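Okay, so here's the structure we're looking at.
Throughout, read-outs are computed from the coordinates displayed, never taken from laboratory work. Source: prediction; values computed, not measured. Glycine also receives a Cβ, built like all others from the backbone with ideal geometry; neighbour counts cover every protein chain displayed.
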Amino acid sequence: MKLNTDKRKIYRVRNKLKKISSTDRYRLSIKRSLKNISAQIIDDKNNKTLMSTSSTQKDIKSMKLKNKSELSIKVAEKLAKEAKDKKIIKIYFDRGVYKYHGRIKLFAETLRKNGMDF
């Protein structure tokens, strides 16, 4: 089966994370489009999504934000707050096909500022 470039990048990053993953850490998967950003915290051992946050949710969408960078910061702050409530602090950051650059980097740095460890 021949995979395209995006699928190969996703599998490469995700399989590296799964090899080193342990039971005390979950995977944070991120999805970025031209206008929105969303993230999920996933338990790979049980194949369940523990929580998710997106910029299309009503409370984030109702904020009057100037640009997409501010949007990704707000989504990261909300996800970090929800994760702290569920006592999830240690995660693996699954950037998927995206480079650690721009909005993805801002998202990760905001999570670190709000107490997430990865």
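Can you give the calculated 222 nm mean residue ellipticity of the chain, where each DSSP H run of n ≥ 4 adds -39,500 (n - 2.57) and the sum is split over every residue, rounded to the nearest 500 deg cm²/dmol? Don't jump to the answer; show the numbers that get you there.
Details: 4 runs with 49 residues, N = 118.
Value at 222 nm, helices only: -13000 deg cm²/dmol.
Output the relative contact order of the stretch 5-113, whole-number percent, from Cα pairs under 8 angstrom with separation of 6+ residues.
31 percent
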Just to be sure I understand the model, the point goes 7 Å from the Cα along the line to the Cβ. What's the resulting residue 62 to residue 89 distance in nm? 3.2 nm
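Counting other Cβ atoms within 10 Å of each Cβ, which trypsin sites (Lys or Arg not before Pro) in the stretch 1-76 have at most 15 and sit in a DSSP loop?
Values: sites: 2, 7, 8, 9, 12, 14, 16, 18, 19, 25, 27, 31, 32, 35, 45, 48, 58, 61, 64, 66, 68, 74; in loops: 2, 25, 35, 45, 64, 66.
Filter output for the stretch 1-76: 2, 35, 45, 64, 66.
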What is the order of 56, 5, 110, fewest Cβ neighbours within 10 Å to most? 5, 56, 110
All alpha-carbon distances of the stretch 5-113, grouped into 10 Å bins from 0, give the whole-percent distribution 14, 48, 33, 6, 0
